[in-house]
Amino acid sequence: MATVATTPPPSDAAPDWGRVRPGRRIADQALKVTCLIFTIIGVAALGWILGMLVIQGISALSPAVFTASMPGPGTTGGGLANAMLGSLILTFLGIAVATPIGVMAGTYLAEYAKTSKVASVVRFINDILLSAPSILIGLFVYTLAVAPFGTYSGWAGGLALAIIAIPVIVRTTEDMLRLVPNGLREAAAALGAPTSRVITLVSWQAARAGIVTGILLAMARIAGETAPLLFTALNNNFWFSPTLIGGVSNLPVTIFQFALSPYTNWQELAWVGALIITATILALSVIARFVIKKEIAR
């Protein structure tokens, strides 16, 4: 069967840019304008929220907020000292439990399991926990650590926050360890170092900035959680027990309760509490970025 040869266009033939370019130019400008509009909308909405938070929060800010406990219904004055202390304790408990579990699990996935079936299952479960609603985790811990004992407690609240923080630390640790060049591991192994020493002295050292950043981001993630604490630590308008048995004061639940109350004083304290949590999360995010930049500079 004879083939028909096609004659290619001459190489010096100029394309019809007059027909193509205007359409491309219009499409490019339209996309730019669309992106700019939505960027402005997003930044404006965020700026509006932050501006309102700063104005309302600072107007009610006073030294008593950091020294006095929460006021009773319909009273004046008072502060959020017990709620802030309770939030610090609950966050510390959550991170103290989540950090070793998350770092070790991430290390196992990156250094030992890698592409095994067990690693695939663990990663799948970890992804489910990352996207799981926090209220479901609160209900799970309620049935596990609240209902059997017949009382709320700070220990249950710390456990719920730990479950939320673990998948964040696992994912970050694994990703950071996988970025460590294999040449470093091979060099250490060539010197006779066992796998455990290679991980602790080479892999962890090379990825320490990223791991610390993941821990800080997990801390910021759980600092403002309300739903799991409603089912575990609940709240307490007074100073809580040193044993953390019974309701434990905390900022997220206090903000939730005070913001819905009809009392002006409570509403003002809710704005102050929201400002404190926002400033704390912002500070943790800035510290995380500073740690990353400092490590990159080294």
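The values are calculated or read from the model by the stated rules, or taken from the named source; none is laboratory data. These numbers were taken from a predicted model, which means no experiment stands behind them. Neighbour counts run over all protein chains shown; Cβ positions are idealised from the backbone, glycine included. Heads up: the accessible areas ignore ligands, DNA and RNA and are worked out on the full protein's heavy atoms, side chains in. Shrake-Rupley method; radii C 1.70, N 1.55, O 1.52, S 1.80 Å.
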Check your understanding: With charges only on Cβ, +1 for K and R and -1 for D and E, what is the dipole size of the chain about its Cα centre, in debye, rounded to 20?
Key -> 660 debye
Practice item. Sum -39500 (n - 2.57) across every DSSP H segment of at least 4 residues in the chain, then divide by the residue count to get the 222 nm mean residue ellipticity, nearest 500. Key: -22500 deg cm²/dmol
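Placing unit charges on C-beta atoms (Lys and Arg positive, Asp and Glu negative, everything else neutral), compute the dipole magnitude of region 133-225 about its Cα centre in debye, rounded to 20.
Roughly 160 debye for region 133-225.
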Check your understanding: So what's the angle, to the nearest 10 degrees on a 0 to 90 scale, between helix 154-178 and the longest Cα principal axis of the chain?
Key -> 20 degrees
Practice item. Using the Karplus curve 6.51 cos²θ - 1.76 cosθ + 1.60 with θ = phi - 60°, work out ³J(HN,Hα) for each residue of region 205-217 in order, rounded to whole Hz, and write x for Gly and Pro. Key: 5, 6, 9, 4, 5, x, 5, 4, 4, x, 5, 5, 5
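Does region 240-298 come out rounded, prolate or oblate by the C-alpha gyration tensor, with a ≥ b ≥ c the root eigenvalues, rounded set by a/c under 1.5 and, if not, prolate when a/b is larger than b/c and oblate if not?
Oblate shape, in that a/c is at least 1.5 and b/c is the bigger or equal ratio.
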Check your understanding: Using θ = phi - 60° and the Karplus form 6.51 cos²θ - 1.76 cosθ + 1.60, what ³J(HN,Hα) does each residue of region 234-246 get, whole Hz, x for Gly and Pro?
Key -> 6, 6, 7, 6, 10, 5, 7, 5, x, 7, 6, 8, x
Practice item. For the chain, report the accessible area per residue in Å² (1.4 Å probe, heavy atoms, rounded to an integer). Key: 58 Å²
Review point. What is the chain's relative contact order, in percent, from Cα pairs under 8 angstrom and six or more apart in sequence?
Key: 24 percent
Check your understanding: In the chain, with Lys and Arg counted as +1 and Asp and Glu as -1 at Cβ, which of these residues, P148, A218, V65, has the Cα nearest the positive end of the dipole, that is, farthest along it?
Key -> A218
Study note, to complete from the structure: re region 120-219: pairs of Cα atoms spaced beyond 15 Å account for a percent value of 69 percent
Revision key, fill the gap. Calc'd 3J(HN,Hα), region 31-41, phi into Karplus 6.51 cos²θ - 1.76 cosθ + 1.60 (θ = phi - 60°), Hz, glycine/Pro = x, comes to 5, 4, 5, 4, 4, 5, 4, 5, 5, 4, 4
Revision key, fill the gap. Taking only the alpha-carbon atoms of region 188-240, the convex hull volume per residue, in cubic angstrom, is 132 Å³
Review point. For region 151-298, what are the per-bin percents of Cα-Cα distances with bins 5 Å wide, up to the bin holding the maximum?
Key: 2, 9, 14, 14, 14, 12, 10, 8, 7, 5, 3, 1, 1, 0
Check your understanding: If you place +1 on the Cβ of every Lys and Arg and -1 on the Cβ of every Asp and Glu, how big does the dipole about the Cα centre of region 199-298 come out, in debye to the nearest 20?
Key -> 520 debye
**Study point:** For region 86-155, average projected area of the Cα convex hull in nm²
**Key:** 5.8 nm²
Check your understanding: Taking Cα atoms of region 18-173, Rg/Rh with Kirkwood Rh, to two decimals?
Key -> 1.18
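Mind ordering 132-142, 182-192, 26-36 by average Cβ neighbours within 10 Å, highest first?
132-142, 182-192, 26-36
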Check your understanding: For the chain, what number results from the quotient of the Cα radius of gyration and 2.2 N^0.38 Å?
Key -> 1.41
Point to revise | Euclidean distance between Cα centres, region 224-246 to region 152-219, Å | key: 30 Å
